[in-house]
Every structure is written in C-alpha cells, then in structure tokens.
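The values are calculated or read from the model by the stated rules, or taken from the named source; none is laboratory data. Remember, predicted model here, so these are calculated numbers, not experimental data. Because the Cβ atoms are built from the backbone with ideal geometry, glycine has one as well, and the counts that use them run over all protein chains shown. SASA here: full protein model, heavy atoms, side chains in, ligands and nucleic acids out. Shrake-Rupley method; radii C 1.70, N 1.55, O 1.52, S 1.80 Å.
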Amino acid sequence: MIGFIKRVWANVFLRYSIIGFGRWVLGTTIMFVLYNCCGCGYWVSSACNYILTNLILGYVTGYLLIFPNQKPSVRSALEYAALAVACYLISYSLAPLLVRPLEEETAAWAAVHLGEKYGELLHGNITLSVGVVLHMVLNYLGQKFIVFPTKKKAKE
C-alpha cells in the first residue's frame, strides 16, 4: 500500500490533482457561500476564490508539494502571478459566454422547479462552475509548462 501511495505521489499530474482538489473544495466553498449566502456578485465571489486559493495557496503548494525540485525566484513568482491573473481573467470571462445559450432554459427550469427568483441564481452558479473548470485546466498547463518547467527546460 505504501508503495502504491509513493507511485501515485511521484506522478506530478496526480499530485497536482490531489492538492488541487483540496484547494478546489476550499475555494469553491468560499465562492459559493459568498455568492449564494452573502449576496456578493459573480466577480467578487470568483475573485475571493481566486485570490485565496490560487494566488496564495497555489504558489506555496506549487513549490512545496507539487513541483518541489524547482527553486523559488522572483522571476518565477512574477510568472506565477501573471499566469494566475491571465487564467482567472480568461476563465471567468469566457464562462459567461459559454453558458449564455443555457440562460433561458435554466430560467425556465428554475421557475418550474425552484421558483422564478432562483433562475438567475442557478444560472450564476452554473457559470461559476464552468469558470472553475476552465481555470483549473488553464492553470495546470501554465504551471507545468511556464512557471514550474521540467529541469531540462529550466536549464535552457
């Protein structure tokens, strides 16, 4: 069993996925509580998720746990911050465009099953969820190939 755990932990993508899942649970909980319970808007809720779990926890876990063979530097910190901002803006700007065609169906379904006032809330939750998925994919690719490249690329 310990050998299996070591093999799983040795795989960078699996390690990223395990740690990312923990960050995802924390971040999406914060985001949906702010959106649904505190009345914060789409951008405020998603930004709080992004700042706490991506900028702060993401950078620390990236160096300590996910890509431990890399040495921290000012350059990599700036690359990480630039990548994080780009991934956030792309993901959460693209999500409303991708989900917009579902808006009428979402409102109609919510009106029948939940009540009319929940259509917009449901649509916002779907949009936030799409943004989370887009952000995870873009952020992983950017971290792996730009911020924390393999040793071979880092030497070049």
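Note on segment 41-79: residues that are under 25 Å from F145 (Cα atoms), of a type in the set (V, I, T) and open to solvent by 50 Å² or more (accessible area, probe 1.4 Å) total 4.
Here A82, A108 are screened, and the one residue that is open to solvent by 40 Å² or more (accessible area, probe 1.4 Å) and within 22 Å of P149 (Cα to Cα) is A82.
Given the conditions (1) open to solvent by less than 30 Å² (accessible area, probe 1.4 Å); (2) of a type in the set (D, E, K, R); (3) in a loop (DSSP other than H, G, I, E, B), which single one is not true for R15? Unmet for R15, out of (1) open to solvent by less than 30 Å² (accessible area, probe 1.4 Å); (2) of a type in the set (D, E, K, R); (3) in a loop (DSSP other than H, G, I, E, B): (3).
The selection criterion, being part of a loop (DSSP other than H, G, I, E, B) and open to solvent by 20 Å² or more (accessible area, probe 1.4 Å), holds for C38.
Annotation note: Cβ proximity below 8 Å between a residue of segment 90-115 that is closer than 20 Å to S46 by Cβ and a residue that is surrounded by 15 or more Cβ atoms within 10 Å (Cβ to Cβ) and among the polar types (S, T, N, Q) (sequence gap 6+ or interchain) occurs for Y92/S46; A95/T127; P96/T127; V99/T127.
Return a yes/no flag: does segment 19-27 have any residue that is at pLDDT 75 or above, among the aromatic types (F, W, Y), within 12 Å of the chain's Cα centre (by Cα) and more than 19 Å from I146 (Cβ to Cβ). Looking for residues that are at pLDDT 75 or above, among the aromatic types (F, W, Y), within 12 Å of the chain's Cα centre (by Cα) and more than 19 Å from I146 (Cβ to Cβ), one finds at least one in segment 19-27, hence yes.
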